[in-house]
Amino acid sequence: MKEQIILAGEGNASVLVQIQKFQPDDNRDLCALTALAFALHKSVVQVRGTSTSSSRENSLLFLVQSIPEGTDVEAAAKAKKPVYQQPFLLALGPARRPVQYFAVLDKVAVPCGTSLITAIDRLFKCHFVFNVHYSPALLHFWHFIAAFIYEVLDPHTVKPIIRSFASSVRAVEL
């Protein structure tokens, strides 16, 4: 489904700009997840009754943050900024070609392996196991994953923008 997400995202100018930043030897799974996060970006979010805005680039940091190889992962997890309250992935290595992933949960780094898909799977499940709310900036992203990938959320209950993007993805022929 990653290629369909990338192709569906190309219809949105801001998504297309991000897709074009990826080189052919970069991680295609990361490209697809970036396209999905940008396409389903929620620019104004409510946090504790206060409306705040979030750029697409900043919203992506609630999903994946990159650190160079050789960085102390535990120290990086402990030094996370307070704004990142929900679990997110710490990617070790080059930004578009990470070699290892960790889920950061309450300043603790949990190894998630070398596959982004496995890491996203574990991150998604962490939200359920620990009963943690999704980051408001990524709410549409996670609802897409829940409704159309895991099918644990009724697709009719998600926002029209999410259903519309899912239809665009399904309509892509490879």
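The combined condition, being over 16 Å from residue 31 (Cα atoms), in contact with a strand residue (DSSP E or B) (Cβ under 7 Å, 6 or more places away or on another chain) and outside any strand (DSSP E or B), is not fulfilled by residue 163. Filtering segment 125-142 to residues that are farther than 21 Å from residue 83 by Cβ and either open to solvent by less than 80 Å² (accessible area, probe 1.4 Å) or over 17 Å from the mean Cα position of the chain (by Cα) (or both) leaves only 129. Listed conditions (1) surrounded by 13 or more Cβ atoms within 10 Å (Cβ to Cβ); (2) in contact with a Ser or Thr (Cβ under 9 Å, 6 or more places away or on another chain) are all met by residue 103, apart from (2). Of the strands (runs of 3 or more DSSP E) lying entirely inside segment 17-121, those containing at least 2 residues that are over 17 Å from the mean Cα position of the chain (by Cα) and among the polar types (S, T, N, Q) are 50-53.
Just to be sure, is residue 14 hydroxyl-bearing (Ser, Thr, Tyr), closer than 14 Å to residue 139 by Cα and open to solvent by 20 Å² or more (accessible area, probe 1.4 Å)?
Details: hydroxyl-bearing (Ser, Thr, Tyr): yes; closer than 14 Å to residue 139 by Cα: no; open to solvent by 20 Å² or more (accessible area, probe 1.4 Å): yes.
Answer is no for this residue.
Identify, from the list 151, 74, the residue that is open to solvent by 60 Å² or more (accessible area, probe 1.4 Å) and closer than 28 Å to residue 4 by Cβ. Spell out how you get there, then give the answer.
Details: 74 fails: closer than 28 Å to residue 4 by Cβ.
The conditions single out 151.
The values are calculated or read from the model by the stated rules, or taken from the named source; none is laboratory data. Since the structure is predicted, the reported quantities are computational estimates derived from the model, not experimental observations. Please note: Cβ atoms are built from the backbone with ideal geometry, for glycine as well, and neighbour counts cover all protein chains shown. Ligands, DNA and RNA are stripped out before the accessible areas are found, and what is left, the full protein with its side chains, is counted by its heavy atoms. Shrake-Rupley method; radii C 1.70, N 1.55, O 1.52, S 1.80 Å.
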